[in-house]
């Protein structure tokens, strides 16, 4: 599976780079003179493409069309690959902002280490964190979704805030602050201290978390599990993950069907079934509690009864629609199952799902054949070259499948950046070799990948 892993990381790298650094799909950031001078001085051949086409932003808008277009006249020297500004849906969700931060931290592991790109990526990570803390909090300090109501780029930023918050978003912000604080921040520890404050709130409200619908509780387990990999050993996190997995397990029927919530015994969605099984497998990996693994396998066996080999989908209907987030969750469930079990049939199903479904949400590719992480990656002809279709190489919002004798796969023309960045985050996290340390060691007063 090594070559498949590298190919998925390659897709994810492109999605992160072209969404967060080239698209302009967010509130713009303008480097000051000192920053520009440093970038220009340190730019080499490896950085040239990024630097020449860079469109720095401070946040990521929720939705857009990834078609290359003209930037507004207020932007000086825009790159060639900015997206259609008129298509931007200017909601800024906590989830999208967090997934962007975590994805950019992952990007440090996926591209060559140079002083210029190191500076650019870390600066943008910090800008996203600062925007999150400055503009996306309510009066109680909790994190909420907002919308950019600014009409023109050169006018003062106008932000409209949502009234409500949700517990899942607070946990995701904890993950972002913790990851940045542990792997990048260094001696300042501003965001590490912020993470500790958020964790106190999470811990004090964990009884409410255990009552959340299964789709949210499973999501929370996965976020806390990623945090546990950053912290290495943490008994409190392990305890919370164990309690959450036990609660999810209590919602599984004998058949393997998962209930929606503690008070709603109806079957949860297909995506929630895969999400629940993934969280239980992560719980098993951390705690070695065999019951969690057995329950996860029970769920997988139940959903596999729905699998259709012709379409590589799990719903037997004439027209099927998956969001890119759904596809990521299904992939994750299958991947983790294959990782824990030697099951050739399931591995074939996973490969079929990647080829028919996951690769169908990729709008384009930069190369037909490329070297990446020491491997030769060959991209199937069904994924068009970006230069032929004028589209960025990103994960689109959704996929429709017509269940005919010969299935027809219709990808969306839009991108939901929350979904696409989550997809990148999952693919990199799952296919990583286990070295989650992106802290850079000092060399010539600069930082290089460890």
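The values are calculated or read from the model by the stated rules, or taken from the named source; none is laboratory data. In this text, all values refer to a predicted model and were calculated from it rather than measured experimentally. Reconstructed Cβ throughout: ideal geometry from the backbone, glycine too, with neighbour counts over all protein chains shown.
Numbers for the structure displayed
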read-out	value
Residue match in the stretch 417-434 (condition: free of Cβ contacts under 8 Å to residues at least 60 places away in the same chain, part of a loop (DSSP other than H, G, I, E, B) and farther than 20 Å from residue 103 by Cβ)	no
Check on residue 103, crowded, with 22+ Cβ neighbours inside 10 Å, touching a helix residue (DSSP H, G or I) at 6+ places or on another chain (Cβ under 8 Å), at pLDDT 95 or above and within 24 Å of residue 426 (Cα to Cα)	yes
Residue count, the stretch 167-176 (criterion: without any contact (Cβ under 8 Å) to a residue 60 or more places away in the chain and within 15 Å of residue 228 (Cβ to Cβ))	2
Selected residue (criterion: farthest from the chain's Cα centre (by Cα)) from residues of the stretch 256-284 that are part of a loop (DSSP other than H, G, I, E, B) and within 19 Å of residue 332 (Cβ to Cβ)	256
Answer from 359, 319, 309, 329 - the residue that is surrounded by fewer than 21 Cβ atoms within 10 Å (Cβ to Cβ), at pLDDT 95 or above and closer than 22 Å to residue 400 by Cβ	359
Residue among 255, 295 that is surrounded by fewer than 16 Cβ atoms within 10 Å (Cβ to Cβ) and more than 30 Å from residue 411 (Cβ to Cβ)	255
From 151, 197, residue being within 29 Å of residue 71 (Cα to Cα) and either modelled with pLDDT under 95 or in a helix (DSSP H, G or I) (or both)	151
Hits in the stretch 285-294 - residues which are touching a residue at least 40 places away in the same chain (Cβ under 8 Å), in a helix (DSSP H, G or I) and farther than 11 Å from residue 336 by Cα	286, 287, 291, 292
Residue match in the stretch 66-74 (condition: at pLDDT 95 or above, under 21 Å from the mean Cα position of the chain (by Cα), closer than 24 Å to residue 115 by Cα and crowded, with 20+ Cβ neighbours inside 10 Å)	no
Count of residues meeting criterion [farther than 20 Å from residue 425 by Cβ, outside any helix (DSSP H, G or I) and at pLDDT 95 or above] in the stretch 106-137	1
Residue count, the stretch 155-183 (criterion: touching a strand residue (DSSP E or B) at 6+ places or on another chain (Cβ under 8 Å) and farther than 19 Å from residue 421 by Cα)	7
